[in-house]
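Taking it in order: structure first as structure tokens, then the write-up.
Please treat every number below as a calculation from the coordinates, not as lab data. From a predicted model like this one, the values you see are computed outputs, not experimental measurements. When we count neighbours, we look across all protein chains shown, and the Cβ atoms used for this are built from the backbone with ideal geometry, even at glycine.
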Amino acid sequence: MKIGITCYPVYGGSGVVATELGKALAARGHQIHFIAYSMPFRLGSVQENIFFHEVNVNAYPLFEYPPYTLNLTSKMVDVVKYERLDLLHVHYAIPHATSAVLARDILATEGLHVPVVTTLHGTDITIVGRDPSFAPVVSYSINRSDGVTAVSEYLRQETLCCCGGVTAEIEVIPNFIDTRRFRRTNKEHFKQAICPKGEKLLVHVSNFRPVKRAPEVVEVFHRLRSENLPVKLILVGDGPDRVPTEHLARQRGVYEDIRFLGKQEPVEEILSIADVFLMPSGSETFGLAALEAMACEVPVVASNIGGLPELVVDGETGFLCPLGDIEAFTARTREILLDEALHARMAKAARARAVNTFDVRHIVPLYEAYYERVRERMLSHSV
């Protein structure tokens, strides 16, 4: 199958999943065409069965803001026509689904029928979809897609309940990772450099947006250090809350025991030396970073919100805590750090859940089957 994939090509969950899906599909013999304004972050370079088509945004004096949605539409039309694509799979409701639906309708006037599959990832629904200025476009783009998937049951319900006018059937296909890549490896020399006195290591990975609540990770770390627990902290990623988080670490007197590493690739090397992964997020429709940690045998302490309960099994692969409850996060983290038997059980269970439920080899066939159903439905309607 020839598949066009459009996503935000930057550091973030939806772009990562879209890129990894494309790579996995290419490895299974499909021809993948990424259509975006820059090379996807996780792609790195064009590979076998993978092609990249850059969307150029032309600046005209008439436009104060260049119309990216229309440039994307035109590029989709061009790629479908000349590469003979079988399907467009777009990640994020707007503008990607909007552009794809328009491109499909333009192509139909020329006798070309290409279905559009839209995957909803999170903030396209929980934030953008609730904005009254975008809501009609979001619901229209979803309803006019030929197939719609969501990365968790939570997100499916949020879409149906909170995006007025959405009537489309939504299939839940969870996020995934390659557990052959994300696995715990021996990085003892790295651990020794970070924790020279045998300290335990906490890790947090995010884009440091306010919803990720990174300062709370520092608060938990400060409380553990105040109890004289031998522990260090690594913070991976960058974003608007990084400077406030660094400032709080200095205020609390724990900055010297924290490493701010910025954006890192591959993150699995860092997770391989972690003892606990902290995710105090205020909103998570799935929690891809937590899944990556679980695959590397790292118990997760996370907020009991959104799609996280579908991923983290409380008391088995980690703990779920009430949102914003610093004391609960501290207590649960302390419990894992001090109880070696508990830590070992959770580490093993976390890895098993990642491998048995969320591995790429289980999830990608679900997308392939869904593509076929969508194509068959479109073909039957166009006859």
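Three principal axis extents of region 157-212 based on alpha-carbon atoms, in descending order, are 57, 30, 15 Å.
Computed about the Cα centre, the dipole magnitude for the chain is approximately 540 debye when only Lys and Arg (+1) and Asp and Glu (-1) carry charge, each at its Cβ. Close amide-amide hydrogen proximity is noted between Val55 and Ala36, Tyr37, Ser38, each under 5 Å apart and 5 or more residues distant or on a separate chain (H modeled in the peptide plane; Pro and chain starts excluded).
Close amide H pairs (under 5 Å, H built 1.01 Å from N) link Ser303 with Met279, Ser281, Cys321, residues at least 5 positions away or on another chain. Rg of the Cα atoms in region 250-306, relative to 2.2 N^0.38 Å, amounts to 1.25. Averaging Cα coordinates gives a centre for region 1-52 and one for region 189-208; these two points are 31 Å apart. With both labels modelled 7 Å from their Cα along Cα-to-Cβ, the Ala331 to Arg361 distance reads 4.1 nm. Summing charges over all other residues whose Cβ lies under 14 Å from the Cβ of Gly318, with Lys and Arg as +1 and Asp and Glu as -1, gives -3. Taking the Cα centre of region 188-357 as origin and assigning +1 to Lys and Arg Cβ atoms and -1 to Asp and Glu Cβ atoms, the resulting dipole is close to 220 debye. Here the residues Ile170, Ile258, ranked from fewest to most Cβ neighbours within 10 Å of their Cβ, fall in the order Ile170, Ile258.
A dipole drawn for the chain from +1 and -1 charges on Cβ atoms has a positive end, and of Gly29, Thr109, Leu85 the residue lying farthest that way is Gly29. By the count of other C-beta atoms within 10 Å, a proxy for reagent exposure, Cys321, Cys161 are ordered fewest to most as Cys161, Cys321.
Farthest towards the positive end of the charge dipole of region 188-357, among the residues Ile258, Leu338, Leu291, is the Cα of Ile258, using unit charges on the Cβ of Lys, Arg, Asp and Glu.
If you average 1/r across every pair of different Cα atoms in region 250-366 and take the reciprocal, what Kirkwood value do you get, in Å?
14.8 Å is the Kirkwood radius here.
Each residue of region 178-189 is assigned a 3J(HN,Hα), and the resulting list reads 8, 6, 6, 7, 8, 8, 6, 10, 6, 10, 4, 5 Hz, derived from the Karplus form 6.51 cos²θ - 1.76 cosθ + 1.60 (θ = phi - 60°), x at Gly and Pro. Farthest toward the positive end of the dipole of the chain, out of Pro309, Phe134, His247, is the Cα of His247, where the dipole comes from beta carbon charges about the Cα centre. For region 188-357, the relative contact order is 22 percent, taking Cα pairs closer than 8 Å that sit 6 or more residues apart in sequence and dividing their mean separation by the residue count.
Working from Cα pairs under 8 Å separated by at least six residues, relative contact order for the chain is 13 percent.
Put a dot 7 Å past the Cα of Leu70, heading toward its Cβ, do the same for Arg181, and the two dots end up 3.7 nm apart. Subtracting the Cα-Cα distance of Glu227 and Lys263 from their residue separation scaled by 0.36 nm leaves 9.9 nm. Calculation over all alpha carbon pairs of region 185-315 in 5 angstrom steps from 0 returns a P(r) of 2, 11, 22, 24, 22, 14, 5, 0 percent. The charge dipole of region 214-279, taken about its Cα centre with unit charges on the Cβ atoms of Lys, Arg (+1), Asp and Glu (-1) only, comes to about 240 debye. Of the GluC sites (Glu not before Pro) found in region 224-265, the ones in coil according to DSSP and having at most 14 other Cβ atoms within 10 Å of their Cβ are Glu227. Couplings for region 146-157, taken from phi via the Karplus curve 6.51 cos²θ - 1.76 cosθ + 1.60 with θ = phi - 60°, read 7, x, 9, 10, 10, 7, 7, 5, 4, 5, 4, 5 Hz in order; Gly and Pro are left as x.
Multiplying the residue separation of Glu376 and Ile106 by 0.36 nm and subtracting their alpha-carbon distance yields 95.2 nm. One quarter of the surface of the convex hull around the alpha-carbon atoms of region 1-58 equals 3.6 nm², the direction-averaged projected area.
When the helices of the chain are scored as -39500 (n - 2.57) per DSSP H run of n ≥ 4 and the total is divided over every residue, the value at 222 nm lands at -13000 deg cm²/dmol. Counting beta carbons within 10 Å around each of Tyr82, Tyr371, Tyr92, Tyr140 and listing the fewest first gives the order Tyr82, Tyr140, Tyr371, Tyr92. Under 5 Å between amide hydrogens, built in the peptide plane, is the criterion, and for Lys200 it picks out Val231, Lys232 among residues at least 5 positions away or on other chains. Checked against a 27 Å cut-off, the cross-linked pairs Lys23/Lys263; Lys23/Lys200; Lys23/Lys75; Lys2/Lys263; Lys187/Lys232 give Cα-Cα distances beyond that limit for Lys23/Lys200; Lys2/Lys263. Summarising the label geometry, the points placed 7 Å from Cα in the beta-carbon direction at Cys161 and Glu188 lie 4.9 nm from one another.
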